[in-house]
Amino acid sequence: MEVLPLHPHGYCVGVRQAISTALEAKKNYPDRDVYLLGLLVHNEETMKDLSNAGLIPLDEREKSILEHILDRKKGDVVVFSAHGHPEAYEELAKEKGLIVIDATCRYVTENLLAAKEENSPILYVGVEGHLESEAFLANCPEATFYDVKTGHAEFMHLLAQGGSPTIITQTTLSSLEVESALKDIRTLFPHATLSKERCHSTSLRQKAILDLPEDVDAVIVLGSKRSNNSLKLAELAKSKGKKAYLCLGLEDVKALPLGKERRLALCSGASTSDATFDAVLSYLRSVSSSC
Ligand code: SF4
């Protein structure tokens, strides 16, 4: 079995920045509680490392980000995640006397700024309930939401506004989702333009999957089930007719029923560390040399 590592892999620039921002906050406020509002990045191994460094993660599935903010006391430090957040939450945190640190990825911010500078109606394409989509819609309430899972949007409302909408997407969608949404939207609005879409990191990782050689039988995607960009890599691999395995780390990979593959590709989502990638790669190489 030959193992083919795909590039890029490991943390993306936004995740790297979010992690260093959070660690710096702890360094700057060593005597205060430093809370991560929601998963700073969608990866359980990385969140464990951050907990071990003294940061306190607050999971958005247990309570909403708003409730977590309301629970904090004056002088606490709160770090907003890479996915963005409603601006009103930041104001509320400051009013409560919290110290606010913003780890929003610059690509997420760029998509929001593009929307704010547009004069035509905005159609935002994303995943319902994802932190990035929720933050975008809160900060750009005039935008119409198109859900990639259901293909649903309030088109009637958009038609009433007249003109052609400008489309902006969540940064971590798959190329297939963007293509399908564009096709759907352009049946009603043939001149709708795509202004901002997936970030560079997401696009390159997806391109590496789409360009896989024919003789690659299977793909291992290192990433969390909660990571949208990792899920998309696995979906794309399946759409190319490959077997796809989504694994958090080495233990998951060791449990896979491997052995019959001729060539196996290894890639990672944007919130998987280089250390995890390297550990899995060297394990797979050691296994493949004995196959
Ligand atoms: S996946 Fe893209 S948008 Fe998300 S944190 Fe990484 S670089 Fe930023």
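Note on segment 33-63: among residues that are over 20 Å from His85 (Cα atoms) and out of contact with any helix residue (DSSP H, G or I) (no Cβ under 9 Å at 6 or more places or on another chain), the one that is surrounded by the fewest Cβ atoms within 10 Å (Cβ to Cβ) is Asn52. Out of Asp211, Asp217, one residue alone is in the same structural domain as Tyr283 (by TED's automatic domain parsing) and loosely packed, with under 15 Cβ neighbours inside 10 Å. It is Asp211.
Out of the residues in segment 1-29 meeting the condition of being among the hydrophobic types (A, V, I, L, M, F, W, C) and within 15 Å of the ligand (Cβ to nearest atom), tell me which one is surrounded by the fewest Cβ atoms within 10 Å (Cβ to Cβ).
Step one: list which residues in segment 1-29 are among the hydrophobic types (A, V, I, L, M, F, W, C), which gives 1, 3-4, 6, 12-13, 15, 18-19, 22-23, 25.
From the residues that got through so far, the ones that are within 15 Å of the ligand (Cβ to nearest atom) too are 12-13, 15, 18-19, 22.
Numbers: Cys12: 28, Val13: 15, Val15: 26, Ala18: 27, Ile19: 22, Ala22: 25.
Restricting to residues being among the hydrophobic types (A, V, I, L, M, F, W, C) and within 15 Å of the ligand (Cβ to nearest atom), the top hit is Val13.
Could you go through segment 216-227 and let me know if any residue there is without any contact (Cβ under 8 Å) to a residue 40 or more places away in the chain and among the acidic types (Asp, Glu). There is no residue in segment 216-227 that is without any contact (Cβ under 8 Å) to a residue 40 or more places away in the chain and among the acidic types (Asp, Glu). Farther than 30 Å from Ala279 by Cβ, more than 22 Å from the chain's Cα centre (by Cα) and away from the ligand (no atom under 15 Å from the Cβ): does that describe Tyr89? Taking the combined requirement at face value, the residue does not satisfy it. All of (1) at pLDDT below 95; (2) within 16 Å of the ligand (Cβ to nearest atom); (3) β-branched (Val, Ile, Thr) hold for Thr144 with one exception: (2).
Scanning segment 179-219 for residues that are among the polar types (S, T, N, Q) and under 30 Å from His157 (Cβ atoms) yields Ser180, Thr187, Thr193, Ser195, Thr202.
Okay, residues lined up against (1) farther than 23 Å from Asn228 by Cα; (2) assigned by TED's automatic domain parsing to the domain that holds Glu177; (3) not charged (D, E, K, R):
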residue	(1), (2), (3)
Asp76	yes, no, no
Ala82	no, no, yes
Leu92	yes, no, yes
Ile122	no, yes, yes
Val127	no, yes, yes
Cys140	no, yes, yes
Lys149	no, yes, no
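Residue-level check: of (1) surrounded by 15 or more Cβ atoms within 10 Å (Cβ to Cβ); (2) closer than 24 Å to Ser203 by Cα, Thr150 misses just (1). Name the single residue, out of those in segment 251-272 being crowded, with 22+ Cβ neighbours inside 10 Å and either among the small types (Gly, Ala, Ser) or not assigned by TED's automatic domain parsing to the domain that holds Gly223 (or both), that is modelled with the lowest pLDDT. Filtering segment 251-272 for residues that are crowded, with 22+ Cβ neighbours inside 10 Å and either among the small types (Gly, Ala, Ser) or not assigned by TED's automatic domain parsing to the domain that holds Gly223 (or both), the one modelled with the lowest pLDDT comes out as Ser271. Against the numbered list (1) more than 18 Å from Glu67 (Cα to Cα); (2) in contact with a strand residue (DSSP E or B) (Cβ under 9 Å, 6 or more places away or on another chain); (3) among the hydrophobic types (A, V, I, L, M, F, W, C), Leu98 comes up short only at (1). Give Lys243, Lys232 a once-over and let me know the one that is under 13 Å from the mean Cα position of the chain (by Cα), among the charged types (D, E, K, R) and surrounded by 16 or more Cβ atoms within 10 Å (Cβ to Cβ). So the residue among Lys243, Lys232 that is under 13 Å from the mean Cα position of the chain (by Cα), among the charged types (D, E, K, R) and surrounded by 16 or more Cβ atoms within 10 Å (Cβ to Cβ) is Lys232. The residue that is surrounded by the most Cβ atoms within 10 Å (Cβ to Cβ), among those in segment 67-119 that are under 25 Å from Arg16 (Cα atoms) and of a type in the set (D, E, K, R), is Asp76. Restricting attention to segment 111-142, report how many residues are touching a residue at least 12 places away in the same chain (Cβ under 8 Å) and within 25 Å of Glu235 (Cβ to Cβ). Result for segment 111-142: 15. Number of residues in segment 9-34 that are within 21 Å of Ser224 (Cα to Cα) and more than 15 Å from the chain's Cα centre (by Cα): the value is 2.
The values are calculated or read from the model by the stated rules, or taken from the named source; none is laboratory data. None of the values given here were measured: they were computed from a predicted structure. In this analysis, Cβ positions are derived from the backbone assuming ideal geometry, glycine residues included, and neighbour counts consider all displayed protein chains.
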